[in-house]
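Down below is the structure, laid out as structure tokens.
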Amino acid sequence: MSKKIAILLATHNSEKYINQQIDSLLRQTCKDSISIVVSDDTSTDKTVDIIKEYMENHKNISLIKSEQALKSPQANFWFLLKNAPEADYYMFCDHDDVWLEEKVEKTISKMLETEDNCPAIVHSDLFVADNLLKIISPSMFSSQGLNNAPDLKNALVQNSVTGCTMMINHSLRTLALKKENVENMIMHDWYLTILCLASGKIGFVDEPLILYRQHGNNQVGAKNTKSVGYIFNKALQLKKNKNNIKSTYQQAKDIYDIFNDGTENFELIKHYAQNLNKNKIQRILSAFKFGFWKNTFLRKLGQIFFM
């Protein structure tokens, strides 16, 4: 394969799991096409030493460091996206997962079917696993009731494209980097998903290509959204849930302000962003008028309650 694929690996105090993840990247069936670019965000354990050991034996692994602390996963990944060497495609990689050996090959195959001279994303399903990589669920999309093919209206309200499964093409990277920082970015994968749906295409590999490890230090993880305990605890977090919805309006406004090209999709984004200045009733009416809904009945009820 002549295409160059840069795997962007973000680390922070990752010594416990980083070996398993890097080993899985080195076992990829199309490993000759990939480079692994690591950004470490102020680790205080042996993470950097481990990475440097790999670099001594593998020329396709490199380490870049920010001059200042990045302080969040989205900042670390955005730093990687800005500073990685030029490639045809870019994939985001968490430090604590394990990739199946055909993940890159199957993702690039779908990408070549999906992109058509426009910004593009391809993502996949995930095995949800415990800290020892024992599979908890054979499909995160099924277990969490997620939409694997969201439209723009749904994506503005709810993210269902998981960053560690995501490949983006060079066209989307070039467009995305008009944004200089991660202000108003809830997560990098969510931001890119909205931008891509507004200006390009998204494809899905309908099989799990990753062991998505759940453990006590996950920044973001797979929650059991169907459990009574989860629903009850979520309902009690009134202020947090209201702020979370407000953040989606701010994120949409940011995307509109930076990337607006006058098309119908960006007009839709503008209508969603205008909810920042509306009251609860007006926000509910906007959801009904434009179809700004999450994708299950319970999520819709929660959305209405916390608007």
Taking 0.36 nm per residue of separation between ILE304 and LYS46 and subtracting their Cα-Cα distance, the length gained on full extension comes to 88.3 nm
Taking Cα atoms only, Rg over Rh for segment 1-89 with Rh from the Kirkwood formula is 0.95
With every protein chain kept in place and a 1.4 Å probe, the chain has an accessible area per residue in Å² of 48
Quick calc, segment 41-94, dipole around Cα centre from Cβ unit charges on Lys, Arg (+) and Asp, Glu (-), nearest 20 debye, gives 120
CD proxy, 222 nm, the chain: helix-only mean residue ellipticity via -39,500 (n - 2.57) per DSSP H run with n ≥ 4, per residue, nearest 500, stands at -13000 deg cm²/dmol
Taking 293-302, 99-108 and ranking on average Cβ neighbours within 10 Å, highest first, one gets 99-108, 293-302
Cα extents of the chain along the principal axes, largest first, in whole Å, come to 61, 44, 38
Taking the alpha-carbon centre of each part, the distance from segment 9-44 to segment 233-307 in Å is 35
With the dipole of the chain defined by +1 on each Lys or Arg Cβ and -1 on each Asp or Glu Cβ, the option from SER160, ILE194, ASN244 whose Cα lies farthest towards the positive pole is ASN244
Mean Cβ-within-10 Å packing, highest first, puts peptides 147-159, 40-52 in the order 147-159, 40-52
Segment 1-154, convex hull of Cα, quarter of hull surface, nm² -> 10.4
Measuring from the longest principal axis of the C-alpha atoms of the chain, the long axis of helix 188-199 (C-alpha) lies at a number of degrees, nearest 10, equal to 70
Two pseudo-spin positions, 7 Å from Cα along C-beta at LYS59 and at ILE186, lie apart in nanometres by 4.4
To the nearest 20 debye, segment 1-147 has a Cα-centred charge dipole, built from +1 on Lys and Arg Cβ and -1 on Asp and Glu Cβ, of 80
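Compactness ratio of segment 85-218: Cα Rg over 2.2 N^0.38 Å, N = residue count? It would help to have the intermediate numbers written out before the result.
Values: Rg = 14.5 Å, N = 134, 2.2 N^0.38 = 14.1 Å.
Taking N as the residue count of segment 85-218, the ratio is 1.02.
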Sorted on mean Cβ neighbours within 10 Å (highest first), peptides 256-266, 117-127, 26-36 come out as 117-127, 26-36, 256-266
Under the 7 Å Cα-to-Cβ spin-label approximation, ASP206 and GLU267 lie apart by a distance in nanometres of 3.3
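Could you put MET55, MET91 in order of accessible surface area, largest first, with the 1.4 Å probe and the full protein assembly present?
Descending accessible area places them as MET55, MET91.
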Given the candidates ASN265, SER39, ASN279, the one whose Cα lies deepest towards the positive end of the charge dipole of the chain, counting +1 at each Lys or Arg C-beta and -1 at each Asp or Glu C-beta, is ASN279
Treating only Lys and Arg (+1) and Asp and Glu (-1) as charged, each at its beta carbon, one finds that the chain has a dipole about its Cα centre, in Debye to the nearest 20, of 1600
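The values are calculated or read from the model by the stated rules, or taken from the named source; none is laboratory data. Every value quoted in this text rests on a predicted model; they were computed, and no experiment measured them. Every residue, glycine as well, gets a Cβ built from its backbone with ideal geometry; the counts of neighbours run over all protein chains shown. These area figures cover heavy atoms from the full protein model, side chains too; ligands, DNA and RNA do not enter into them. Shrake-Rupley method; radii C 1.70, N 1.55, O 1.52, S 1.80 Å.
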